[in-house]
Amino acid sequence: MAVYNGAAFLKAQAESILEQLGAQDELIAVDDGSRDDSLGVLQSIQDPRLHVHHNERNLGVVQAFERALNLAGGDIVFLSDQDDVWLSGKVAKALKVFASNPSVTMVASDAILIDEQGRTLNESFFSVRGRFSGGFIRNFIKNKYLGCTLSFRRTMLRNFLPIPQDVPMHDIWFGLLNEIYGKAYFIDEPLIAYRRHRRNASPFVHVGPVQMVLWRYRLAKNIVRRVATRGFRA
């Protein structure tokens, strides 16, 4: 979990995660130089599975996630936003997919959309975004990999990391590389409540066409470089 000025929603999210974890699991939270009481909220949660790390200065959401991923030790890694709520059964359902399908390297799911007060805006993120579909070209054009729903095998980090500093967001980077090096599975039910508000790290409104073209150029450039370095084998 990458954290930045998320004190308002942080405790509820952390608790919704911790109640689903086993004794040997861990929640890695990297506070990215928050100016509010996020660090205090995290440190107030008395649970040995919660490991809190602090950046002295704000590095940005992508680099904060990269630090958290480098610290993670589990075989299956779940990404988490700071302001959502994990629904009951999320972890168990994802782990069941991985256990039943050895070739699957990434699991995604649908999400309920909620507002700042936790009121439901829509029962399905993908009813708004358009149904989830795999494929490199489709997701390069319109990303369907919603980062806060993703989990993946830790072995994929050798392909995902390091994250280039000029990619637009970590989730599209991971999703596209998984299309090359792995296999995705979509659970067609909401497993998180995805909170939308004006302080979200992901854009609340669509960006303009010039920005979209620039982001796709940066993605293409970095993917070509990654594949040239790593080859096409997972």
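Students often check this: by mean Cβ neighbours within 10 Å, which of 186-196, 3-13, 210-220 ranks highest, and how do the rest follow?
Numbers: 186-196: 19.4, 3-13: 21.0, 210-220: 13.5.
By packing density, highest mean first, the sequence is 3-13, 186-196, 210-220.
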Considering only C-alpha atoms, what is the centroid distance from segment 15-77 to segment 93-151, in Å? 22
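Given R₀ = 35 Å, what would the calculated FRET efficiency be for E19 paired with V128, taking r from the Cβ atoms and rounding to 0.05? Provide the component values of the computation, followed by the final result.
Details: r = 28 Å, r/R0 = 0.80.
E(calc), rounded to 0.05, equals 0.80.
Can you classify segment 106-161 as rounded, prolate or oblate using the Cα gyration tensor, where a ≥ b ≥ c are the square roots of its eigenvalues, rounded means a/c under 1.5, and otherwise it's prolate if a/b beats b/c and oblate if not? It would help to have the intermediate numbers written out before the result.
Details: a/c = 2.90, a/b = 1.58, b/c = 1.83.
Note, shape of segment 106-161 comes out oblate.
If you count, for each residue, the other Cβ atoms within 10 Å and average over each peptide, how do 164-175, 40-51 line up from highest to lowest? Don't skip to the answer; put the middle values down first.
Working: 164-175: 19.9, 40-51: 14.6.
Highest to lowest by the protection proxy: 164-175, 40-51.
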Per-residue counts of other Cβ atoms within 10 Å, averaged by peptide: what ranking do you get for 139-149, 83-93, 69-79, 112-122, highest first? 139-149, 83-93, 69-79, 112-122
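Determine the per residue accessible area of the chain with all protein chains present and a 1.4 angstrom probe, expressed in square angstrom.
Numbers: 11640 Å² over 234 residues.
Roughly 50 Å² per residue, with all protein chains present.
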Two-site FRET efficiency, D47 against V213, from Cβ-Cβ distance with R₀ of 41 Å, rounded to 0.05: 0.40
If R0 is 45 Å, what FRET efficiency do you get for R158 and R119 from their C-beta distance, rounded to 0.05? 0.65
Given a 1.4 angstrom probe, I'd like the percentage of the accessible area of segment 126-228 that is carbon and sulfur, rounded to a whole number. 58
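How much of the accessible area of segment 1-87, probe 1.4 Å, is carbon plus sulfur, in whole percent?
46
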Please list the helices of the chain that count as membrane-span-like by this rule: a mean Kyte-Doolittle hydropathy of at least -1.0 together with Cα atoms stretching 18 Å or more along the helix axis, each helix being a complete DSSP H run. 209-230
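The values are calculated or read from the model by the stated rules, or taken from the named source; none is laboratory data. Bear in mind the structure is a predicted one, so any value in this text is a computation, not a measurement. Cβ atoms come from the backbone with ideal geometry, glycine included; neighbour counts cover every protein chain shown. In case anyone asks, the SASA skips ligands and DNA or RNA and just uses the protein heavy atoms, side chains included. Shrake-Rupley method; radii C 1.70, N 1.55, O 1.52, S 1.80 Å.
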